[in-house]
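Asks: Before anything else, here's the structure in question.
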Amino acid sequence: MATLQPTNNLVTPLLTDLYQITMAYAYWKTGQHTKKAHFELFFRKNPFGGSYTLFAGLDEVLKFLSSFRFSQDDIEYLRNTTALCHCEPAFFDDYLANLDCSEVIVHAMKEGSMVFPRVPLITVTAPLGIGNLIETTMLTLVNYPSLVATNASRMVVAARGQFWEKTAGASLPRSMTPPESPRAGALSSAKPRKSMQLSEGGPSDFTRRKPKCVEFGLRRAQGPDGGFSASKYSHVGGFHATSNVLAGKLLNLPIGGTHAHSFVMSYTSLDLVQDAKVQRVDNGEMVLLLPLVRKYQAELEWHDTNEGEMAAFIGYASSFPNSFLCLIDTYDTLQSGLRNFILVALALNDLGHTPRGIRLDSGDLSYLSLECEYLFHEIGDRFNRSFFYDLDIVASNDINEAVLHSLNKQGHAITMFGIGTNLVTCQNQPALGCVYKLVEIDGEPRIKLSNDLDKVLIPGQKIAYRLFGEAGWPLLDYMAGIHEEAQPAVGERVLCRHPFIEQKRVAVIPSRVVKLHSLVFDGKNGIVGELSSITESRQYVNDQINNTRADLLRYVNPG
């Protein structure tokens, strides 16, 4: 495979902590740099108080290893730093100038794997010098991607409620027959309101579309690098699309967005859109939109809506007749924004176009979404327009995992969540805490001792397995020393012990045993096989979530 370059051109050998280089010099000076060492990259605790983590960032790690070389400029900079200026010239000119990853062997879990504490995500076998030098860069390429992918996955699970499998589209109209002699603009009370039935798992929940999640976080992310990485790895975690146009281009991700409040506020009069036209689908005729909107306004007797907002919606509809989705909470959500959207939507549909929906960015999202859906259904019945039953109701406004679970309990009609700040900044936990530790050198296991039991290392090279039960659920991950004769096998009893707590043990008889690591980087041969695409990793995440016990996914006291 040809040498791949990291997506971010800041990812070079100098993207490291100084102590990696000072240690490398000490290893070189004392002749230790060529010793065969084995390192493990792992974390000690699942984030967000949960029971699982998603592993992400392997693709960029492999690109980094594939392209690892110090440039001459890098070497000259290091040579002249205060910390290194006393070092022997041969360290720079003979060692660093010729250093690459041709002796580095890497095994790793699959990108998107559901992973657990202490089990290595990546193992590195390499000469001690280079194995040490790649530590910090590998950690920064794995820590945040894994954290944001996990955060995204938890939000996707929360948004879907207790059911995360695909469902059969939107609920059907209660009736396609217009209500008998309604008062113009009035809501019929003859049929039950769906808003009374929509708490999670309620009678109507099975026919409801499960909400999708869209990443809106670029403007709130920690700089361009954080924003781009969040767009990429939230998609791996299950998000449907991103507002980040550059991520869409470079990563081939679906992009989505509508307009801002400023767009609505910039229109002050219907005079601004009196000439706005939309092409009729059936015959190509260009038709003025405002008279059609006025016709429905008179018929429904909605005369008190904000005219500037109506003008903005007409302007947007004339520009995007096939993707008309409006932000409706600039002035009065229910009395103006919702009604103006409906008026323009009816006019667009007269010309053969199908509107997309609305976005709510403030207020009581549960109540407002249900009121919007209820009015959509009433209008759909009255005017015999089936598209009103398939409109998206998008919600944003500082949404996080707790808000999603709260909305499920209250009941809502939201079909899509736009989530930004609390996704990309990982509000509930800003760092995952992956570490990269030496566990063996020249065939001898190494251990770090500590009064803090969590920081005690499990020494030596290991083989990690995932054991599955008869029902198909994963039971546990099992680690054995690489030289141990007894390895787990299907149908054979395995006694599993906690590495530090003697009393914690369990015996299982696995129906399936899966080895968790595979060779992904083979020294001079470079990257092994093809890198997983974002779509493949996303699907792998979805498959694992759908094959995970429900208690491991729950928000409170996960299993």
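The values are calculated or read from the model by the stated rules, or taken from the named source; none is laboratory data. Values in this document were obtained by computation on a predicted structure and should not be read as measured data. Methodologically, a virtual Cβ is constructed for each residue, glycine included, from the backbone with ideal geometry; neighbour enumeration extends over all protein chains shown. Accessible surface areas use protein heavy atoms only, side chains included; no ligands, DNA or RNA. Shrake-Rupley method; radii C 1.70, N 1.55, O 1.52, S 1.80 Å.
Asks: Where both residues lie in the chain, what percent of DSSP beta bridges are antiparallel, nearest 5?
Replies: Here the antiparallel bridges make up roughly 75 percent for the chain.
Asks: Could you calculate the contour length gain from Thr7 to Lys524, that is, 0.36 nm times the residue separation minus the distance between their Cα atoms, to one decimal place in nm?
Replies: Full-extension gain reported as 184.0 nm.
Asks: Computed from the coordinates I sent, volume of the Cα convex hull per residue in Å³ equals one of [x] 152; [y] 191; [z] 200. Tell me the label.
Replies: Label [y] holds the value from this structure.
Asks: Continuing with this model, one more query. Please report, for the Cα atoms of the stretch 217-281, the Rg to one decimal and the Dmax as a whole number; what are they, in angstrom?
Replies: In Å, with Rg to one decimal and Dmax whole: 16.9, 46.
Asks: Are there trypsin sites (Lys or Arg not before Pro) in the stretch 411-462 that DSSP puts in a loop and that have at most 15 other Cβ atoms within 10 Å, and which ones?
Replies: The qualifying sites are Arg446, Lys448.
Asks: Around Asp332, which amide H atoms from residues at least 5 apart in sequence, or from another chain, sit under 5 Å from its own amide H, with H modelled in the peptide plane?
Replies: Result for Asp332 returns Gly337.
Asks: Moving on to the next point. When only C-alpha pairs under 8 Å and at least 6 residues apart count, what is the relative contact order of the stretch 78-146, in percent?
Replies: The value is 24 percent.
Asks: Right, here's the next one. Rounded to the nearest 500, what is the 222 nm mean residue ellipticity of the chain from helices alone, with -39500 (n - 2.57) per DSSP H run of 4+ residues and division by all residues?
Replies: -9500 deg cm²/dmol
Asks: Taking the Cα centre of the chain as origin, sum charge times position over the Cβ atoms of Lys and Arg (+1) and Asp and Glu (-1), and report the length of that vector in debye to the nearest 20.
Replies: About 1260 debye.
Asks: Rounded to whole Hz and in sequence order, give me ³J(HN,Hα) for the stretch 82-95 from the Karplus expression 6.51 cos²θ - 1.76 cosθ + 1.60, θ = phi - 60°, writing x for Gly and Pro.
Replies: Karplus values, whole Hz, x for Gly and Pro: 4, 6, 10, 5, 8, 5, 5, x, 5, 4, 7, 7, 9, 8.
Asks: In addition: Output ³J(HN,Hα) for the stretch 349-362: one whole-Hz value per residue in order, computed from phi by the Karplus curve 6.51 cos²θ - 1.76 cosθ + 1.60 with θ = phi - 60°, and x for Gly and Pro.
Replies: Each residue of the stretch 349-362 in turn: 5, 4, 9, x, 9, 10, x, 9, x, 9, 10, 10, 10, 6 Hz.
Asks: Right, something else. Before anything else, pin down the relative contact order of the chain: Cα pairs under 8 Å, at least 6 apart, normalised by residue count, whole percent.
Replies: Computed value for the chain: 20 percent relative contact order.
Asks: Which value results for Rg/Rh of the stretch 455-527 when Rg is the Cα radius of gyration and Rh the Kirkwood radius based on the inverse mean 1/r?
Replies: My calculation puts Rg/Rh at 1.04.
Asks: With a sphere of radius 15 Å drawn around the Cβ of Tyr296, what net charge do the other residues whose Cβ falls strictly inside it have (Lys, Arg +1; Asp, Glu -1)?
Replies: Around Tyr296, the charge tally is -1.
Asks: Rounded to the nearest 20 Debye, what is the dipole magnitude of the stretch 463-538 about its Cα centre when Lys and Arg each give +1 and Asp and Glu each give -1 at the C-beta?
Replies: For this selection, approximately 180 debye.
Asks: Using a probe of 1.4 angstrom, how much of the accessible area of the chain is carbon and sulfur, in percent?
Replies: 51
Asks: Hey, another quick one. Grab the beta carbon distance between Asp94 and Ala402, set R0 = 45 Å, and tell me the FRET efficiency rounded to 0.05.
Replies: E between Asp94 and Ala402, to the nearest 0.05, is 0.20.
Asks: What does the charge add up to near Pro321, with Lys and Arg as +1, Asp and Glu as -1, over the other residues with Cβ less than 12 Å from its Cβ?
Replies: Net of charged neighbours comes to +2.
Asks: Additional query: Summing Lys, Arg as +1 and Asp, Glu as -1, what charge do residues with Cβ under 14 Å from the Cβ of Gly526 carry, Gly526 excluded?
Replies: Counting the neighbours of Gly526, the net charge comes to -2.
Asks: With label points built 7 Å along Cα→Cβ from the Cα atoms of Phe263 and Ile482, find their separation and express it in nm.
Replies: My value for the distance between the label points is 5.6 nm.
Asks: Continuing with the same structure: Cross-link list Lys36/Lys524; Lys36/Lys455; Lys110/Lys212; Lys232/Lys462; Lys110/Lys504: which exceed 21 angstrom alpha carbon to alpha carbon?
Replies: Lys36/Lys455; Lys110/Lys212; Lys232/Lys462; Lys110/Lys504
Asks: Charges at C-beta only: +1 for Lys and Arg, -1 for Asp and Glu. How large is the resulting dipole of the stretch 428-559 about its Cα centre, in Debye rounded to 20?
Replies: Around 300 debye, computed over the stretch 428-559.
Asks: Once phi is turned into θ = phi - 60°, what whole-Hz ³J(HN,Hα) does the Karplus curve with 6.51, -1.76 and 1.60 give for every residue of the stretch 108-114, x standing for Gly and Pro?
Replies: 8, 6, 6, 4, x, 5, 7
Asks: Per residue, how much accessible surface does the chain expose to a 1.4 Å probe? Answer in Å², no decimals.
Replies: Heavy-atom accessible area per residue stands at 45 Å².
Asks: Can you give me the C-alpha center-to-center distance between the stretch 374-426 and the stretch 319-351, rounded to a whole angstrom?
Replies: Cα centroid of the stretch 374-426 versus Cα centroid of the stretch 319-351: 16 Å apart.
Asks: With the crude spin-label approximation of a point 7 Å out along Cα→Cβ, what separation in nm comes out for Asp74 versus Glu301?
Replies: It is 7.5 nm.
Asks: Just grab the label-to-label distance for Asp225 and Ser319, each label 7 Å out from Cα along the Cβ direction, in nm (one decimal).
Replies: Roughly 3.5 nm, to one decimal.
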